[in-house]
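Worksheet: the structure to be examined is printed underneath.
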Amino acid sequence: MEVLKCIGCGAVLQTEDAKQIGYVPEIKEKENLICQRCYRLKYYNQLLPVTKTKDEFLKILDQMSQRDALFVKLVDIFDFQGSWLSGTPRFLKGKDVILICNKLDLLPKSLKLMKIEQWVRNQCKEYGLKPKDVLLISAQKKQGIQEAVEEILRQRNGRDVVILGATNVGKSTFVNQMLRELSDSSKDWITTSHFPGTTLDVIEIPLDQDHSIFDTPGIVNEHQYTHYVGEKTLRLLTPRKEIKPIVNQLNAKQTLFYGGLVRIDFIQGERNSFISFLPATIKIHRTKLEKADVLFQTHWGKLLQPPTEEEIKNLPSFQKHYFVIKEDDTDLVISGLGFVNVKHKGAKIVVYAPKGVGIYIRRSILRK
């Protein structure tokens, strides 16, 4: 029996269970078929829940790693740590890998591309990945797409191309842009949206007579904040243009609330600059440390939004993270949200976030 797949997400099509992936009410044709989930996502911006597990995603990656192929790994340059796939070095050991850093348009335009690329290479070294090349692009703005496609074609050496990435790094948008370059077609081949996990199975797209591009499902990085909030807040946390930094000059014993999502206490240190690179929809509230507990207890989900009062019911309890800033220009990273640059060393900081959300410090991408 012929297996038919949705051209939007790669799911095997079926007409029996509307609650499972790949459902269509009926199948009349055999070409350009789209499942009900992709149809609603494309035309109504509604996302239906799915039952795919992380283990199933990892099994697909393991199968892809058996291929003799060029592997193109996408990360979100604005959320580098949050969008990094921790198992990549194991799956891709001995493979040719091009690392593509998407969403370049979200970073300050004042940053030099060479500095960003060097910073990315240093991060890759820490994670144990040695890419053949590092490319900086904005798939949404079509920046760097032509150069990326040319480099992929040059380095694939007659092999398949496998596209990898975490959810919401813009992987499907990149593949669509890549296919437009290759075919001079303006249509979208793959379903795209701001919802994580749009692609559900491997989508095979012929590249030439004997080889294909394989777009794999995005792996869910559970430490990203975007997986802890509902649809309304997710829209607010998805930046679409250059992030404008907000500078707060703090003395010790002061607190910053980022909506009700994250709290940063500046416990000890000389007066310092906290430069926030987060979506503009997240309002920053500043208060004295001695008043922070009462403010949070009284206004969480109200003045301190997002999250909404409804989302609070499903959030894990907040966990403390302690840091001592040992170098000037250190980034405090909130996985899935953005980062806060702490200008001067010596600061003792406590960060509150829901248990499971990744909180890290790193050498700043802004450092000169």
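Here, each number is a calculation from the coordinates, and none is a lab measurement. Small disclaimer: the values here were computed from a predicted structure and weren't measured. Here the Cβ is made from the backbone with ideal geometry for all residues, glycine too, and neighbour counts use every protein chain on show.
What is the packing order of peptides 246-252, 144-150, taking the mean over residues of other C-beta atoms within 10 Å and listing the highest first?
By packing density, highest mean first, the sequence is 144-150, 246-252.
Treating r as the C-beta distance of E56 and R154 and R0 as 30 Å, the FRET efficiency rounds to 0.35.
Its residue count N fixes a reference of 2.2 N^0.38 Å for the chain, and the Cα radius of gyration divided by that reference is 1.04. With R₀ set to 25 Å, the beta-carbon distance separating E117 from Q66 gives a calculated FRET efficiency near 0.25. When the alpha carbon gyration tensor of region 64-107 is reduced to an equivalent ellipsoid, the three semi-axes, largest first, read 23, 11, 6 Å.
Highest mean packing first, where packing is the average number of other Cβ atoms within 10 Å per residue, the peptides 334-342, 159-167 line up as 334-342, 159-167.
Working from the Cα coordinates of region 304-343, the gyration tensor eigenvalues give, after taking √(5λ), semi-axes of 27, 12, 8 Å in decreasing order. Scaled against the 2.2 N^0.38 Å expected of a compact globular protein of N residues, the Cα radius of gyration of region 69-174 reads 0.99.
Over region 256-315, the fraction of Cα-Cα pairs per 10 Å bin, rounded to whole percents and listed from the shortest bin up, is 21, 50, 25, 3.
Shape analysis of region 107-165 yields a ratio of the Cα radius of gyration to the Kirkwood radius, Rg/Rh, of 0.99. Rounded to the nearest whole Å³, what is the per residue volume of the convex hull around the Cα atoms of region 251-368? Expressed per residue, the convex hull around the Cα atoms of region 251-368 is 94 Å³.
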